[in-house]
There are 2 protein chains.
Amino acid sequence: MNISHPGYLGVLGGMGPLAGATFAMRVAALTPAATDQQHVPTLLRNDPRIPDRSDARMRGGEDPLPYMREGLRFLETAGARVIAIPCNTAHLWYDELAAATALPILHIIDAVIDDLRRMGIARGRIGLMGTPATLALNLYQDRLARHGYECIVPTADEIDRHCVAPIRAVKANAVAAALEPAAEGARRLRARGADAVVLGCTELPLALPHDRRAALDVPLTDSIDALARAAIDYYFDAPLHRQAA
Amino acid sequence: MNISHPGYLGVLGGMGPLAGATFAMRVAALTPAATDQQHVPTLLRNDPRIPDRSDARMRGGEDPLPYMREGLRFLETAGARVIAIPCNTAHLWYDELAAATALPILHIIDAVIDDLRRMGIARGRIGLMGTPATLALNLYQDRLARHGYECIVPTADEIDRHCVAPIRAVKANAVAAALEPAAEGARRLRARGADAVVLGCTELPLALPHDRRAALDVPLTDSIDALARAAIDYYFDAPLHRQAA
């Protein structure tokens with residue numbers, strides 16, 4: 001018997017909790033494994049008590065950074081060797097978080113860009129869906145522009161109706177009620193010329209389940225699955241996602 | 001700011017990993033919560049390196065108990081206040097595990113019995129699906145008999161085709177291939193007079209997704225959801241599941 005831990009994939013989850021757990025599930029589901037023992041050892045700290053990220057950035061709500069730093073320390077002490085944060089808005093604090101840990105943190109927006117390329121979308125117009133903070137503070141726009149993409153951002157009213165409303169519904173476990181408003185958000189971006197749409201908040205893939213996406217007739221990239229693929233690649237020593245900063 | 005942890009729901013997962021992560025997801029999905037902050041803080045140690053439980057009991061394979069004990073110590077040190085183990089076969093070691101930790105461990109078979117009652121099935125014939133070890137060592141039969149139920153157990157050949165085959169398929173991420181053999185297992189138990197069928201291995205609910213169950217025309221109890229409900233009840237201080245030993 002050999003109880004040795006080459007190290008966990010450490011997941012700073014809870015933002016929200018359904019998204020955090022779904023991320024861990026998608027890591028397992030997307031891993032090429034034939035038995036239990038070939039899967040990625042994962043430690044999910046699904047702590048929903050972290051203050052709301054959008055509230056902090058947009059309305060002066062309580063700062064989530066100390067909670068997230070504490071989460072990173074917890075995962076580092078527990079034996080994580082790499083960190084994934086299945087929350088797009090939390091990446092507004094990416095630099096502060098990276099400075100707070102010796103571990104590499106996979107960057108969710110880089111993972112989405114890798115996912116667009118994996119789907120063969122190396123340029124073009126990308127429609128964005130996400131929280132008001134993610135969209136207002138250009139979390140996606142800056143990084144996508146650097147990679148040669150153009151962004152299409154919903155109007156303030158569309159963000160309210162087609163991003164915030166389904167995100168809230170998912171957080172309140174009213175997943176079925178989230179489908180139609182989120183689908184309409186993707187359709188509007190497609191109508192405005194989007195070559196692909198980013199589900200740039202980890203609640204949005206839960207609003208739009210995989211089997212309902214083909215009907216939207218526009219390629220979607222899903223920030224949960226993109227980050228799961230990045231984590232699997234990292235764990236199996238693919239170099240692509242090694243440095244995300 | 002107040003970083004205080006009243007304690008995690010500690011999940012000894014990885015047996016298998018998709019089941020462990022799905023359990024965490026179902027805890028979030030079944031919790032009556034309106035915002036992130038109202039969810040159950042969960043710490044999932046989804047470590048798939050624990051040796052196979054059925055191999056150990058049926059074929060003299062490596063003993064998983066030291067690994068599971070180490071997992072319990074890990075969760076206890078990390079701040080768990082109650083333990084859930086989303087693996088039925090692991091409950092063959094329940095007494096040894098309970099003796100190894102000061103924390104209460106929710107018992108998955110008791111959770112299934114509570115779930116049968118919740119569905120209004122307080123007596124009758126219960127068809128069992130599970131691993132060969134779970135079925136051969138009477139993990140369900142003894143406890144169900146104590147509560148006045150009668151059990152219908154598949155034949156050795158049926159266990160191979162309709163339990164082991166779909167369980168292996170799920171562990172290898174071939175979930176679609178698991179559906180038909182698992183469904184046929186439930187249909188055969190119904191044909192032999194089962195009033196309900198227990199998906200008594202945490203891979204089986206993944207083989208038979210919720211939206212495919214109505215077609216089977218027999219009530220199913222799902223050991224992942226049953227344990228998730230027990231954990232939520234415990235966390236919100238419902239007394240029912242307080243003592244499972």
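The values are calculated or read from the model by the stated rules, or taken from the named source; none is laboratory data. These numbers come from a predicted model, not from an experiment. All Cβ positions, glycine included, derive from the backbone under ideal geometry; neighbour counts span all protein chains shown.
Output the residues belonging to the range A:41-51 that are at the interface with chain B (Cβ under 7 Å from one of its Cβ atoms) and over 22 Å from residue B:168 (Cα atoms). Quick ask: steps written out before the conclusion?
Let us first name the residues in the range A:41-51 that are at the interface with chain B (Cβ under 7 Å from one of its Cβ atoms), namely A:41-49.
Passing the criteria: A:43, A:44, A:45, A:46, A:47, A:48, A:49.
Would you pick out the residues in the range B:99-118 that are under 17 Å from the mean Cα position of the chain (by Cα) and more than 14 Å from residue B:80 (Cβ to Cβ)?
Initial filter on the range B:99-118 (under 17 Å from the mean Cα position of the chain (by Cα)): B:104-118.
Residues satisfying the conditions are B:107, B:108, B:109, B:110, B:111, B:112, B:113, B:114, B:115, B:116, B:117, B:118.
With (1) buried (at least 18 other Cβ atoms within 10 Å of the Cβ); (2) touching a strand residue (DSSP E or B) at 6+ places or on another chain (Cβ under 7 Å); (3) of a type in the set (D, E, K, R) as the list, and residue B:188 as the residue in question, which single condition is left unmet?
Checking residue B:188 against (1) buried (at least 18 other Cβ atoms within 10 Å of the Cβ); (2) touching a strand residue (DSSP E or B) at 6+ places or on another chain (Cβ under 7 Å); (3) of a type in the set (D, E, K, R), the one that fails is (2).
If you go through the range A:44-63 one residue at a time, do you hit one that is surrounded by 22 or more Cβ atoms within 10 Å (Cβ to Cβ), in contact (Cβ under 8 Å) with a residue 40 or more places away in the chain and of a type in the set (Lys, Arg)?
So far as the range A:44-63 goes, yes, one or more of its residues are surrounded by 22 or more Cβ atoms within 10 Å (Cβ to Cβ), in contact (Cβ under 8 Å) with a residue 40 or more places away in the chain and of a type in the set (Lys, Arg).
Can you confirm whether residue B:112 is within 14 Å of another protein chain (Cβ to nearest Cβ) and not polar (S, T, N, Q)? Steps first, answer last, please.
On the way: within 14 Å of another protein chain (Cβ to nearest Cβ): no; not polar (S, T, N, Q): yes.
When the stated conditions are applied, residue B:112 does not pass them.
Are any residues in the range A:91-118 in contact with a strand residue (DSSP E or B) (Cβ under 7 Å, 6 or more places away or on another chain) and part of a loop (DSSP other than H, G, I, E, B), and if so, which ones?
A:101, A:103, A:104, A:106
Quick one: which of B:9, B:72 is farther than 15 Å from residue A:49 by Cβ and not hydroxyl-bearing (Ser, Thr, Tyr)?
B:72 is the lone residue from the list that is farther than 15 Å from residue A:49 by Cβ and not hydroxyl-bearing (Ser, Thr, Tyr).
If you take the residues in the range A:15-40 that are in contact with a Lys or Arg (Cβ under 7 Å, 6 or more places away or on another chain) and crowded, with 24+ Cβ neighbours inside 10 Å, which one is farthest from the other protein chains (Cβ to nearest Cβ)? So that I can check it myself, show each step before the final result.
Taking the range A:15-40 first, the residues in contact with a Lys or Arg (Cβ under 7 Å, 6 or more places away or on another chain) are A:15-16, A:30, A:35-37.
Checking the rest, the ones that are also crowded, with 24+ Cβ neighbours inside 10 Å come to A:15-16, A:36.
Numbers: A:15: 7, A:16: 4, A:36: 4 Å.
Across the range A:15-40, the extreme among qualifying residues is A:15.
Against the conditions (1) touching a residue at least 40 places away in the same chain (Cβ under 8 Å); (2) not assigned by the TED database to the domain that holds residue B:18, where does residue B:79 fall short? Just the number, please.
All conditions pass for residue B:79, except number (2).
Is there any pair linking a residue in the range A:150-178 that is closer than 22 Å to residue B:40 by Cβ to one that is of a type in the set (D, E, K, R) and not in a strand (DSSP E or B), with Cβ under 8 Å and at least six apart or on different chains, and which?
Filtered contacts from the range A:150-178: A:167/A:203; A:170/A:203; A:171/A:203; A:171/B:36; A:178/A:203.
From the list B:131, B:101, which one is in contact with a helix residue (DSSP H, G or I) (Cβ under 8 Å, 6 or more places away or on another chain) and within 14 Å of chain A (Cβ to nearest Cβ)?
Unique residue meeting the criteria: B:131.
Of the residues A:195, A:211, which is farther than 14 Å from residue A:129 by Cβ, outside the structural domain of residue A:88 (by the TED database) and either in contact with a His (Cβ under 6 Å, 6 or more places away or on another chain) or at pLDDT 95 or above (or both)? Don't jump to the end; show me each part of the working.
Working: A:211 fails: either in contact with a His (Cβ under 6 Å, 6 or more places away or on another chain) or at pLDDT 95 or above (or both).
Checking each option against the conditions leaves just A:195.
Looking at residue A:199 and the list (1) free of Cβ contacts under 8 Å to residues at least 40 places away in the same chain; (2) of a type outside the set (Phe, Trp, Tyr); (3) surrounded by 17 or more Cβ atoms within 10 Å (Cβ to Cβ), which single condition is not satisfied?
(1)
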